[in-house]
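Participant: First the structure, which I've put down as structure tokens, then a few questions once you've had a look.
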Amino acid sequence: MEIQEILPAVALRGLSVLPGMMIHFDVSREKSISAVERAMSLDQRIFLIMQKRAETENPGQEDVCRIGCVAHIKQVTKLPNGLVRVLVEGICRCEFIRFTEEEAYLLAEVETVAQREQSGDPNEEEAIVRSIKELFQEYCRFYPRTARTLQRHLEELTDAGRLMDKMTENISVDYSVKQRVLDAPGLRERYEALSAILSAEIAVAKIRAELSDKVKGRVEKNQKDYILREQMRYIQEELGEDGLSESQQFEERLSGLKASREVKDKIAQEIARYKRLGGNNAELAVERGYIETLLELPWDKASKDNTDIGRAEKILQRDHYGLEQVKERMLEFLAVHALTKSVDSPIICLVGPPGTGKTSIARSVAEALNRKYVRISLGGVRDEAEIRGHRKTYVGAMPGRIVAGMKQAGVKNPLMLLDEIDKVSADYRGDTSSALLEVLDSAQNNRFRDHYVEIPIDLSGVLFIATANTVETIPKPLLDRMEVIEVSSYTANEKFHIAKEHLLAKQLSRNGMDGGRLTVSDNALREIISSYTREAGVRELERKIGEICRKAARELLKENKECVKVTGKNLERYLGKRRYSPIKVNKSDEIGIVRGLAWTSVGGETLQIEVNIMPGKGEMELTGQLGDVMKESAMTGISYIRSVSDKYGIEARTFQNSDFHIHIPEGAVPKDGPSAGITMAAALLSALTQTPVRADVAMTGEITLRGRVLPIGGLKEKTLAAKTAGVKVVLVPAKNKADVEEISFEIRSGLEIVYVETMDDVIAHAFVKN
């Protein structure tokens with residue numbers, strides 16, 4: 001008769017316990033530990049059942065198998081970290097019915113199935129015993145270790161059920177496979193399950209032995225690597241797959257490679273050398289990597305350039321506002337290339353402040369020309385091998401970045417962006433900029449030699465575009481090899497168009513605010529540009545627009561709005577108080593204060609130079625973190641004034657009996673350069689003659705001892721800064737007239753540009769006339 005009872009239960013993960021099995025396992029779950037403790041307090045019997053999925057943390061009735069095993073707890077040992085080790089012996093199979101209500105531990109209602117193991121026919125039971133023993137002996141032939149430990153014990157067993165459980169316990173199969181035997185309550189079902197498992201294991205073992213025997217006959221003794229390769233080859237043959245050797249695969253790839261005869265002959269020599277190397281040769285992996293690199297390089301494979309100038313112009317205008325000089329140069333190259341079919345490409349260096357679109361326009365140029373785009377960052381590179389590669393005799397050798405970029409592009413005429421070329425450096429491992437000389441020389445780079453590849457590579461078809469913030473740190477020989485195009489600061493109007501046409505749509509899409517969920521008025525954009533950013537480019541402007549989008553997204557969800565509108569009036573709600581107030585000219589003309597113009601890496605600035613004269617001993621004090629060149633300009637200015645003191649009615653003893661203090665505000669910011677020479681001289685003369693200087697005048701230029709005004713650089717940025725500050729008249733060196741004419745009308749409008757050749761011209765336009 002069937003017996004139903006309720007027992008404490010433990011759900012096992014990755015373990016199946018059979019009747020008669022003696023085994024220990026660790027439990028860590030609180031419910032499992034409580035169930036073990038409850039069983040020990042009763043009759044030491046516990047119900048063990050396997051989980052269907054080991055990762056289930058709190059198994060329910062649907063998460064465990066149908067058949068489990070009632071076991072007797074022999075020993076319980078407490079381990080560190082809250083673990084409990086339990087030693088049990090399986091008693092009998094039980095069918096799981098359900099878990100009863102018990103919060104502290106699992107309590108299972110089970111029904112014993114032990115009586116179903118008995119067969120009604122003794123002859124059938126005897127046949128099962130003989131048949132399963134023969135099958136197990138065949139299994140033990142392939143696993144002799146199992147045979148030695150079990151053979152005598154199995155001979156003594158005559159009960160078919162116990163015999164099959166013991167066999168299942170000792171065969172090396174997965175726990176889920178053993179569960180199939182546990183799930184079979186009757187002798188016939190259990191015999192069918194176990195015989196299928198043993199037959200499958202015997203078949204696998206036969207195949208393994210057959211493979212091992214065949215391979216051992218083909219190879220020499222003690223060649224482990226060779227044995228593994230032969231096994232793989234034989235398996236491929238059995239499966240009907242292509243079993244070509246690596247050298248044959250290399251030869252096939254070589255036959256389809258687009259390359260010159262010189263290159264193919266060199267690769268063929270390397271493949272022949274690879275064949276001669278033995279299986280245990282240390283150079284085998286090095287040679288294999290070298291051949292694979294040579295076969296992956298695009299020797300004569302080129303992409304077809306776009307010859308539709310109209311399409312190229314549309315792409316350039318679509319992605320970038322302004323940068324007309326860069327766009328025109330690319331279209332000129334495309335036109336010449338279409339007419340001459342020449343493969344030579346220009347080498348261009350874009351120089352300008354950060355955030356002005358130098359890197360991003362290179363990607364647009366690649367799309368416009370239908371070329372592959374590869375970016376190589378040179379910032380901080382100080383090892384020559386980064387450019388030329390390492391010789392392949394070194395451990396871990398690899399080609400340089402130029403060759404790696406060609407390999408990445410897959411064609412020999414990509415557009416290669418050399419980003420931050422002004423920030424390469426040199427150390428004891430070599431000069432990186434010197435290694436770039438050959439790369440960027442159009443007369444030599446058609447046979448560029450990488451130390452790793454060793455075969456000349458043609459770089460003449462590569463369109464190199466380098467970017468830099470300044471040309472001052474680029475060595476002159478390297479700079480001479482590039483065509484420099486200046487990418488100047490954006491005007492407020494240009495920033496407005498860029499924000500409206502490009503940045504706003506990009507940030508709306510990135511922050512999920514497109515589709516009319518957020519609108520930003522033109523006034524708000526102009527206010528962001530003037531009051532929340534101060535930069536030459538548009539990076540900070542884009543970040544501010546992104547900040548508005550994020551705060552608007554939160555507002556949209558929190559207040560269940562359909563649309564958020566940002567205007568100039570409510571802008572502070574999203575970006576806080578205004579960070580910058582526009583630098584404006586002084587309201588009144590003052591003595592000893594002159595407004596100068598300066599260039600910085602992030603655009604132009606106006607500098608208010610102040611001079612005080614005090615009783616003293618003829619000493620000069622310069623403050624405001626001035627560099628050596630700027631200090632020398634001040635000394636040159638006062639020497640000039642002393643030389644013309646009679647002309648302006650200044651007594652000679654004034655210079656011996658007075659101290660002069662020149663100060664440039666924003667003392668925490670370092671300043672240098674000769675372009676403030678006429679500004680400091682004008683401020684000194686104004687203080688000495690007690691003549692006011694016009695507040696609406698700004699000036700820039702280098703001064704000489706004889707009062708001549710020399711040309712300076714960065715004129716566009718300086719002019720833009722003057723316009724932003726509300727200056728009306730800008731004094732610039734006459735020799736900079738050509739530079740002024742290149743400045744857009746948008747910047748020059750509203751400004752009176754006055755060309756000066758001497759300090760007399762400066763004084764005539766800057767000093768207030770009595």
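The values are calculated or read from the model by the stated rules, or taken from the named source; none is laboratory data. Source: prediction; values computed, not measured. FYI the Cβ positions are ideal-geometry reconstructions off the backbone, even for glycines, and counts take in every protein chain you see. Remember, those area values only see protein heavy atoms, side chains included, never the ligands or the DNA or RNA. Shrake-Rupley method; radii C 1.70, N 1.55, O 1.52, S 1.80 Å.
Participant: State all residues of segment 631-649 that are in a helix (DSSP H, G or I) and either free of Cβ contacts under 8 Å to residues at least 40 places away in the same chain or not small (G, A, S) (or both); if no residue qualifies, say none.
Facilitator: Within segment 631-649, K631, E632, M635, T636, I638, Y640, I641, R642 meet the criteria.
Participant: Sticking with this one: Listed residues L508, L556, L503, L525; which is of a type in the set (A, V, I, L, M), out of contact with any helix residue (DSSP H, G or I) (no Cβ under 9 Å at 6 or more places or on another chain) and either over 30 Å from A682 (Cα atoms) or not in a loop (DSSP other than H, G, I, E, B) (or both)?
Facilitator: L556
Participant: Look at segment 298-343 and say how many of its residues are in contact with a strand residue (DSSP E or B) (Cβ under 7 Å, 6 or more places away or on another chain) and among the hydrophobic types (A, V, I, L, M, F, W, C).
Facilitator: Number satisfying all stated conditions: 1.
Participant: I'd like to check something: does segment 534-543 contain any residue that is touching a strand residue (DSSP E or B) at 6+ places or on another chain (Cβ under 7 Å), assigned to a loop (DSSP other than H, G, I, E, B) and either over 28 Å from A766 (Cα atoms) or open to solvent by less than 40 Å² (accessible area, probe 1.4 Å) (or both)?
Facilitator: For segment 534-543, residues touching a strand residue (DSSP E or B) at 6+ places or on another chain (Cβ under 7 Å), assigned to a loop (DSSP other than H, G, I, E, B) and either over 28 Å from A766 (Cα atoms) or open to solvent by less than 40 Å² (accessible area, probe 1.4 Å) (or both): present.
Participant: Take the residues in segment 616-630 that are within 48 Å of the chain's Cα centre (by Cα) and more than 15 Å from G701 (Cα to Cα); name whichever of them is surrounded by the fewest Cβ atoms within 10 Å (Cβ to Cβ).
Facilitator: The residue in question is D628.
Participant: While we're on this one: Mind telling me which of the residues S581, S530, S588 ends up being within 21 Å of A492 (Cβ to Cβ), open to solvent by 40 Å² or more (accessible area, probe 1.4 Å), assigned to a loop (DSSP other than H, G, I, E, B) and among the polar types (S, T, N, Q)?
Facilitator: That would be S581, the only listed residue that is within 21 Å of A492 (Cβ to Cβ), open to solvent by 40 Å² or more (accessible area, probe 1.4 Å), assigned to a loop (DSSP other than H, G, I, E, B) and among the polar types (S, T, N, Q).
Participant: Scan segment 88-104 residue by residue and report those that are part of a loop (DSSP other than H, G, I, E, B) and without any contact (Cβ under 8 Å) to a residue 60 or more places away in the chain.
Facilitator: Across segment 88-104, the qualifying residues are E101, E102, E103.
Participant: Among the candidates T606, T654, which residue alone is surrounded by fewer than 22 Cβ atoms within 10 Å (Cβ to Cβ) and in a helix (DSSP H, G or I)?
Facilitator: Within the list T606, T654, the selection yields T654.
Participant: Restricting to segment 30-58, count the residues that are at pLDDT 85 or above, surrounded by 11 or more Cβ atoms within 10 Å (Cβ to Cβ) and not aliphatic (A, V, I, L, M).
Facilitator: 11
Participant: Taking helices (runs of 4 or more DSSP H) that fall entirely within segment 313-428, which contain at least 3 residues that are touching a residue at least 24 places away in the same chain (Cβ under 8 Å) and under 30 Å from A499 (Cβ atoms)?
Facilitator: 324-340, 358-369
Participant: Of the residues I402, I387, which is among the hydrophobic types (A, V, I, L, M, F, W, C), surrounded by 17 or more Cβ atoms within 10 Å (Cβ to Cβ) and modelled with pLDDT of 85 or more?
Facilitator: Of the residues listed, the single one that is among the hydrophobic types (A, V, I, L, M, F, W, C), surrounded by 17 or more Cβ atoms within 10 Å (Cβ to Cβ) and modelled with pLDDT of 85 or more is I402.
Participant: Sticking with this one: Applying the selection to segment 324-361, what residues are of a type in the set (A, V, I, L, M) and modelled with pLDDT of 85 or more?
Facilitator: I348, L350, V351, listed by residue number.
Participant: Considering only residues that are under 29 Å from R554 (Cβ atoms) and aromatic (F, W, Y), which ones fall in segment 467-513?
Facilitator: Of everything in segment 467-513, just one residue is under 29 Å from R554 (Cβ atoms) and aromatic (F, W, Y), namely F496.
Participant: I've got another one for you. Hey, could you check segment 94-117 for residues that are surrounded by fewer than 16 Cβ atoms within 10 Å (Cβ to Cβ) and modelled with pLDDT under 80 and say which is farthest from A39 (Cα to Cα)?
Facilitator: Q115
Participant: In addition: Among the numbered criteria (1) in contact with a Lys or Arg (Cβ under 7 Å, 6 or more places away or on another chain); (2) outside any helix (DSSP H, G or I); (3) open to solvent by 50 Å² or more (accessible area, probe 1.4 Å), which one does P298 miss?
Facilitator: All conditions are met except number (3).
Participant: Quickly run through segment 40-54 and pick out the residues that are among the hydrophobic types (A, V, I, L, M, F, W, C) and more than 28 Å from V177 (Cα to Cα).
Facilitator: Hits for segment 40-54 are M40, L42.
Participant: For segment 405-423, give me the residue count where each residue is surrounded by 20 or more Cβ atoms within 10 Å (Cβ to Cβ) and more than 22 Å from the chain's Cα centre (by Cα).
Facilitator: 2
Participant: Quick check on segment 494-524: of everything there that is open to solvent by 40 Å² or more (accessible area, probe 1.4 Å) and charged (D, E, K, R), which residue is nearest to R329 (Cα to Cα)?
Facilitator: E501
Participant: Restricting attention to segment 62-87, which residues are assigned to a strand (DSSP E or B) and free of Cβ contacts under 8 Å to residues at least 12 places away in the same chain?
Facilitator: Within segment 62-87, T77, K78 qualify.
Participant: Can I ask one more? Of the residues I309, I291, which is farther than 20 Å from A466 by Cβ, hydrophobic (A, V, I, L, M, F, W, C), touching a residue at least 12 places away in the same chain (Cβ under 8 Å) and touching a Phe, Trp or Tyr at 6+ places or on another chain (Cβ under 7 Å)?
Facilitator: Every option except I291 fails the conditions.
Participant: Filter segment 438-480 for residues that are under 30 Å from E717 (Cβ atoms), of a type outside the set (D, E) and open to solvent by 60 Å² or more (accessible area, probe 1.4 Å) and give the result.
Facilitator: Correct list: T473, K476, P477.
Participant: Check segment 483-493 and report whether any residue there is in a helix (DSSP H, G or I), polar (S, T, N, Q), open to solvent by less than 30 Å² (accessible area, probe 1.4 Å) and modelled with pLDDT under 85.
Facilitator: No; the residues of segment 483-493 include none that is in a helix (DSSP H, G or I), polar (S, T, N, Q), open to solvent by less than 30 Å² (accessible area, probe 1.4 Å) and modelled with pLDDT under 85.
Participant: Would you confirm, using the coordinates I've provided, whether A435 is of a type in the set (A, V, I, L, M) and buried (at least 16 other Cβ atoms within 10 Å of the Cβ)?
Facilitator: Yes; evaluated as a whole, the condition is true for this residue.
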